[in-house]
Amino acid sequence: MVMVNGDHVQWNSVQGIIDGTVVKKLTSPMEIKSHHVSASTEHPEYLVKSDKTGAQAAHKPEALTKIDTDEQKF
């Protein structure tokens, strides 16, 4: 699934299902909060930002589900 900056997505974490926003497509290795992200052009990951906490994390595309903002529960 192709995602673009600003897409609203969900992912699973130990805290439960998190809603957030795609910040950037990662196509090269980098460090995020002391965590090594092995992104490449062949295996990109997405930098996402939690709507609730503002925390950022990198996730593989298959870990993210694109959601319609009208479907979000407040």
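Restricting to the stretch 15-56, and then to whatever is among the small types (Gly, Ala, Ser) and not in a strand (DSSP E or B), can you tell me which residue is surrounded by the fewest Cβ atoms within 10 Å (Cβ to Cβ)? Even if it seems obvious, please write down each step before you answer.
At the first step, the residues of the stretch 15-56 found to be among the small types (Gly, Ala, Ser) are 16, 20, 28, 34, 38-40, 50, 54-55.
With not in a strand (DSSP E or B) added as a condition, the list becomes 28, 34, 38-40, 54-55.
Working: Ser28: 10, Ser34: 5, Ser38: 12, Ala39: 19, Ser40: 11, Gly54: 8, Ala55: 12.
Ranking the candidates gives Ser34 first.
Going by the conditions given, is Val4 part of a strand (DSSP E or B) and out of contact with any Cys (no Cβ under 8 Å at 6 or more places or on another chain)? Here the answer is no, as Val4 does not meet what is asked. Scanning the stretch 24-38 for residues being closer than 12 Å to His59 by Cβ and either among the β-branched types (Val, Ile, Thr) or at pLDDT below 95 (or both) gives a total of 3. From the list Thr41, Thr21, Thr65, Thr53, the one residue that fits, being among the hydroxyl-bearing types (Ser, Thr, Tyr) and either in contact with a Phe, Trp or Tyr (Cβ under 9 Å, 6 or more places away or on another chain) or at pLDDT below 95 (or both), is Thr65. Filtering the stretch 3-11 for residues that are more than 11 Å from the chain's Cα centre (by Cα) and either at pLDDT below 95 or surrounded by fewer than 15 Cβ atoms within 10 Å (Cβ to Cβ) (or both) leaves an empty set.
The values are calculated or read from the model by the stated rules, or taken from the named source; none is laboratory data. Quantities reported herein were computed from a predicted structural model and do not represent experimental measurements. For neighbour counting, all protein chains shown are included, and Cβ atoms are generated from backbone atoms with ideal geometry for every residue, glycine included.
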